[in-house]
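Trainee: Sharing a structure below in structure tokens format, with a few things to ask.
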Amino acid sequence: MPAIRTDAVVLHVFDYLETSRILRLATREAGVQSVLARGARRPKSRFGTALDLFASGTAEIYTKPGRELHTLAGFDVARSRGQLAGDLERFTAASAIAELAMRVATGESHAELYDALVATFDAIGASPAHASIDAGLGGAWHLLAHMGFAPVLDECASCHASIGDDAIASFSHASGGVLCPRCAQLAGNSRQLPPDAREALRAWIGGATARVADEPSRRAHQRLLREFLTEHVTDGRPLRAYDVWERNTLGVATEVAS
Ligand SMILES: [Zn+2]
């Protein structure tokens, strides 16, 4: 059995039989992989507390060609990211990102995607609770850009007519970006994207940060991203963690308003 040592981050954990765990790991060298951690639930497990959700470090994995489930031989944790589990807003944002990473995953090495993923978990963890939504939105668009799904924002996605920075642009999911008024009329179904929303998307796609002005704008951004994922990524299957994240945001906004 060949062994690989690779940077890895825990995206999903579930118990297996009485003493073991199965994990989904995003790795730097081998994309997303499922691994069996034998004995991980024993009190004196050699894995210690390393196998918590969103923890990252160096994994040693024994791979079996042609198999879906590999064996985790060791995991040296570098960052445990307990701050993500300790707060509902951060936790739901990080869970939505982990779900997205698993959904777009391949078994291929994609170092930039791995780095963007880990940076997103760190950004969510470092955010004041409310800003974790902005960090989650930014991370998701950055991951999508690395997967080749970045929307067109500076010219019409259909006819390539230029669209001014200060214009309210129509955004069409089916067309993969903003549309000029003429193409928007032909496309029918589109959302109106104010200049500051387009500015934020541009920053996030490039891996930069952007602050969203207020709660309604945050909810509009979450809705836009969900629709975009539904159109281009999920193949019609529901995004459960994303839905929880979005509903949680809505709940927080209602509390603030009342
Ligand atoms: Zn056009």
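Trainee: Suppose every Lys and Arg Cβ carries +1 and every Asp and Glu Cβ carries -1, with no other charges. What dipole size does region 7-81 come out with about its Cα centre, to the nearest 20 debye? Walk me through the numbers before you get to the answer.
Mentor: Details: 12 positive and 8 negative charges, 35 e Å.
It comes to approximately 160 debye.
Trainee: Determine the relative contact order of the chain: mean sequence separation of Cα pairs under 8 Å and six or more apart, normalised by residue count, in whole percent. Write down the numbers at each step before the final one.
Mentor: On the way: 459 pairs, mean separation 39.1, N = 258.
The value is 15 percent.
Trainee: Same structure, new question: How big is the antiparallel share of DSSP beta bridges in region 1-137, given as a percent to the nearest 5?
Mentor: On the way: 29 of 32 bridges.
Around 90 percent antiparallel, to the nearest 5.
Trainee: Using alpha carbon centroids, what distance separates region 69-87 and region 131-155, in Å?
Mentor: Region 69-87 and region 131-155 have Cα centres spaced 25 Å from each other.
Trainee: Let me know the charge dipole size of region 71-208 about its Cα centre in debye, to the nearest 20, where only the beta-carbon of Lys, Arg (+1) and Asp, Glu (-1) is charged.
Mentor: For this selection, approximately 320 debye.
Trainee: A follow-up question, please. If you split all Cα-Cα distances of the chain into 10 Å bins from zero, what percentages do you get per bin, shortest first?
Mentor: 7, 29, 32, 20, 10, 3, 0
Trainee: Mind giving me the FRET efficiency for MET102 and SER217? R0 is 25 Å, r the Cβ-Cβ distance, nearest 0.05 is fine.
Mentor: After rounding, the FRET efficiency stands at 0.35.
Trainee: Once you've got the GNM for the chain with C-alpha springs shorter than 10 Å, pick whichever of PHE47, PHE121, PHE14 has the biggest mean-square fluctuation.
Mentor: Looking only at PHE47, PHE121, PHE14, the biggest GNM fluctuation is shown by PHE14.
Trainee: Based on DSSP H runs of at least 4 residues, each adding -39500 (n - 2.57), what is the mean residue ellipticity at 222 nm of the chain after dividing by all its residues, to the nearest 500 deg cm²/dmol?
Mentor: Value at 222 nm, helices only, nearest 500: -13000 deg cm²/dmol.
Trainee: So how strong a dipole does the chain carry about its Cα centre when Lys and Arg Cβ are +1 and Asp and Glu Cβ are -1, to the nearest 20 debye?
Mentor: 940 debye
Trainee: Of all beta bridges DSSP finds with both residues in the chain, what is the antiparallel percent, to the nearest 5?
Mentor: 90 percent
Trainee: Among ALA131, ALA140, ALA94, which one shows the highest mean-square fluctuation when the chain is modelled as a Gaussian network with alpha-carbon springs under 10 Å?
Mentor: Looking only at ALA131, ALA140, ALA94, the biggest GNM fluctuation is shown by ALA131.
Trainee: Here's a follow-up. Answer with one residue from ILE168, VAL212, PHE228: the one whose Cα lies farthest towards the positive end of the charge dipole of region 159-258, charges on Cβ with Lys, Arg +1 and Asp, Glu -1.
Mentor: Sorting the options by dipole projection puts first PHE228.
Trainee: Can you give the direction-averaged projected area of the convex hull of the alpha-carbon atoms in region 71-217, in nm²?
Mentor: The directionally averaged projection comes out at 10.5 nm².
Trainee: For the chain, modelled as a GNM with alpha-carbon contacts under 10 angstrom, which of GLN222, GLN83, GLN192 fluctuates the most?
Mentor: Most flexible of the set in this elastic network: GLN192.
Trainee: Starting from the 7 Å offset along Cα-to-Cβ, what nm value, one decimal, do you get for the label separation of LEU17 and ARG182?
Mentor: 6.7 nm
Trainee: Here is a further query. Using the Karplus curve 6.51 cos²θ - 1.76 cosθ + 1.60 with θ = phi - 60°, work out ³J(HN,Hα) for each residue of region 105-110 in order, rounded to whole Hz, and write x for Gly and Pro.
Mentor: So the Karplus estimates, Gly and Pro as x, are 5, 10, x, 8, 5, 8 Hz.
Trainee: With the cut-off at 1.5 for a/c, could you classify region 1-122 from its C-alpha gyration tensor as rounded, prolate or oblate?
Mentor: Here region 1-122 falls in the oblate category.
Laboratory data are not the source of any read-out in this text; all were calculated from the coordinates shown. Note that this is a predicted model, so its numbers are computed, not measured. Methodologically, a virtual Cβ is constructed for each residue, glycine included, from the backbone with ideal geometry; neighbour enumeration extends over all protein chains shown.
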